[in-house]
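Okay, structure first, notes after.
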Amino acid sequence: VTVRDALNQALDEELERDERVFLLGEEVAQYDGAYKISRGLWKKYGDKRVIDTPISEMGFAGIAVGAAMAGLRPVCEFMTFNFSMQAIDQVINSAAKTCYMSAGSIAVPIVFRGPNGASAGVAAQHSQCFAAWYGHCPGLKVVSPWSSEDAKGLLKASIRDDNPVVMLESELLYGVPFEMSEQAQSKDFVIPIGKAKVERPGTHVTLVAHSRPVGHCIEAAAVLSKEGVECEVINLRTIRPMDIETVEASVVKTNHLVTVEGGWPQFGVGAEICARIMEGPAFNYLDAPAVRVTGADVPMPYAKILEDNSIPQVKDIVFAVKKALNI
């Protein structure tokens, strides 16, 4: 099942399950979605539940937040998260802070979703990763799926959650097929927000990633395995609240840590993981400094060869692991 189909299934099931759920965004209805995530939903549910909006993020994000405050459960799609900058005031000031500022009396059950981070050949203004931006803000939950199972389970959990959730998808994963278990095919399948998953057990080094780089980590682990190095690969799934316990338990076992992300290095997700490990009980188990693998500290170039060198590759992860293990 591709990630695209898993997201479509999740939306379909949740629209059917709860009549308060609706989807709005650019091109989501008649065009079946810019990335075909909402294929068939407008035909099935009609204009009231699947709504095409003008190209005004601030406007439709505001409408969605108001609808959530009034008791509906909107799913607000951004064509890419770069465009959520147009509406970041709605996401942070209107959605994230309202539950706290109303002393818990106004919930804002909304999901902001869309592709985040690097795509291919779309240059600096359409390639940025916002995991660290949104992960910084109390009041939001932030999820970042990798596999089809992640995508379906996390989207369903996000829609059912009474808090505002930012769901950061990857455009480059939409067409990628993943095995999906029987359990994941059921209508009741949800993945709890705030729980990481060990995708591959190992003993020598812990690799922590989210979104597309999880796949790179698994590939790097396969390469390193041939050289006798067994990597434990952790798929974070959730950026906020971060499941640091799973990472700690792994570091206690492997004594080495490498973080991998597609975003920029400064104040990034990897920086936060490293800081939390340093402040916690796992620090004493580290045999070497933690190593970060990140995107390059530049706006994303347009030229393909430069773009390839700006995002973490399998070889970069292999190199980082060898550095951490002093091989």
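The values are calculated or read from the model by the stated rules, or taken from the named source; none is laboratory data. Since we're looking at a predicted model, the values are computed, not measured. With ideal geometry, Cβ positions are generated from the backbone for all residues, glycine too; neighbour counts draw on all protein chains shown. With ligands, DNA and RNA removed, areas are computed over all heavy atoms of the protein, side chains included. Shrake-Rupley method; radii C 1.70, N 1.55, O 1.52, S 1.80 Å.
Looking at Leu11, Leu7, Leu72, can you tell me which residue is surrounded by fewer than 18 Cβ atoms within 10 Å (Cβ to Cβ), in contact (Cβ under 8 Å) with a residue 40 or more places away in the chain and either of a type in the set (A, V, I, L, M) or within 25 Å of Thr98 (Cα to Cα) (or both)?
From the options Leu11, Leu7, Leu72, the qualifying one is Leu72.
How many of the residues making up segment 83-128 are at positive phi and open to solvent by less than 40 Å² (accessible area, probe 1.4 Å)?
Looking only at that region, the number is 4.
Quick check on segment 188-204. Is at least one of its residues in a helix (DSSP H, G or I) and either in contact (Cβ under 8 Å) with a residue 40 or more places away in the chain or closer than 21 Å to Leu11 by Cα (or both)?
No, because not a single residue in segment 188-204 is in a helix (DSSP H, G or I) and either in contact (Cβ under 8 Å) with a residue 40 or more places away in the chain or closer than 21 Å to Leu11 by Cα (or both).
If a residue must be under 30 Å from Met300 (Cα atoms) and outside any loop (DSSP other than H, G, I, E, B), how many such residues does segment 244-281 contain?
Of the residues in segment 244-281, 15 are under 30 Å from Met300 (Cα atoms) and outside any loop (DSSP other than H, G, I, E, B).
Could you check how many residues of segment 32-45 are part of a loop (DSSP other than H, G, I, E, B), out of contact with any Lys or Arg (no Cβ under 9 Å at 6 or more places or on another chain) and open to solvent by 20 Å² or more (accessible area, probe 1.4 Å)?
Residues that pass the stated criteria total 2.
With open to solvent by less than 10 Å² (accessible area, probe 1.4 Å) and in contact with a Phe, Trp or Tyr (Cβ under 8 Å, 6 or more places away or on another chain) as the only criterion, which of Val28, Val21 stands out?
Val28
If you go through segment 235-253 one residue at a time, do you hit one that is open to solvent by 60 Å² or more (accessible area, probe 1.4 Å), modelled with pLDDT of 95 or more and under 17 Å from the mean Cα position of the chain (by Cα)?
Within segment 235-253, one or more residues are open to solvent by 60 Å² or more (accessible area, probe 1.4 Å), modelled with pLDDT of 95 or more and under 17 Å from the mean Cα position of the chain (by Cα).
Hey, can you tell me all the residues within segment 292-327 that are open to solvent by less than 40 Å² (accessible area, probe 1.4 Å) and in contact with a helix residue (DSSP H, G or I) (Cβ under 7 Å, 6 or more places away or on another chain)?
Val293, Thr294, Gly295, Ala296, Met300, Pro301, Pro312, Val314, Ile317, Val318, Val321
Has segment 142-150 got at least one residue that is over 16 Å from the mean Cα position of the chain (by Cα) and open to solvent by 10 Å² or more (accessible area, probe 1.4 Å)?
Looking only at segment 142-150, we keep the residues that are over 16 Å from the mean Cα position of the chain (by Cα), and these are none.
No - not one qualifying residue is present in segment 142-150.
Would you mind stating whether Glu261 is crowded, with 24+ Cβ neighbours inside 10 Å, closer than 28 Å to Tyr134 by Cβ, modelled with pLDDT of 95 or more and charged (D, E, K, R)?
Against the criterion (crowded, with 24+ Cβ neighbours inside 10 Å, closer than 28 Å to Tyr134 by Cβ, modelled with pLDDT of 95 or more and charged (D, E, K, R)), Glu261 qualifies.
How many residues, within segment 268-289, are in contact with a Ser or Thr (Cβ under 7 Å, 6 or more places away or on another chain) and open to solvent by 20 Å² or more (accessible area, probe 1.4 Å)?
1
Output yes when any residue across segment 171-180 is charged (D, E, K, R) and touching a strand residue (DSSP E or B) at 6+ places or on another chain (Cβ under 7 Å), and no when none is.
Yes, segment 171-180 contains a residue that is charged (D, E, K, R) and touching a strand residue (DSSP E or B) at 6+ places or on another chain (Cβ under 7 Å).
Which ones in segment 180-197 are farther than 15 Å from Lys152 by Cβ and more than 16 Å from the chain's Cα centre (by Cα)?
none
Against the conditions (1) under 23 Å from the mean Cα position of the chain (by Cα); (2) more than 22 Å from Val190 (Cβ to Cβ), where does Ile63 fall short? Just the number, please.
(1)
List every residue pair whose Cβ atoms sit under 8 Å apart, with the two residues 6 or more apart in sequence or on different chains, where the first one lies in segment 151-176 and is without any contact (Cβ under 8 Å) to a residue 40 or more places away in the chain and among the aliphatic types (A, V, I, L, M) and the second, anywhere, is open to solvent by 10 Å² or more (accessible area, probe 1.4 Å) and part of a loop (DSSP other than H, G, I, E, B).
From segment 151-176, the pairs are Ala157/Val190; Ala157/Pro192; Ala157/Ile193.
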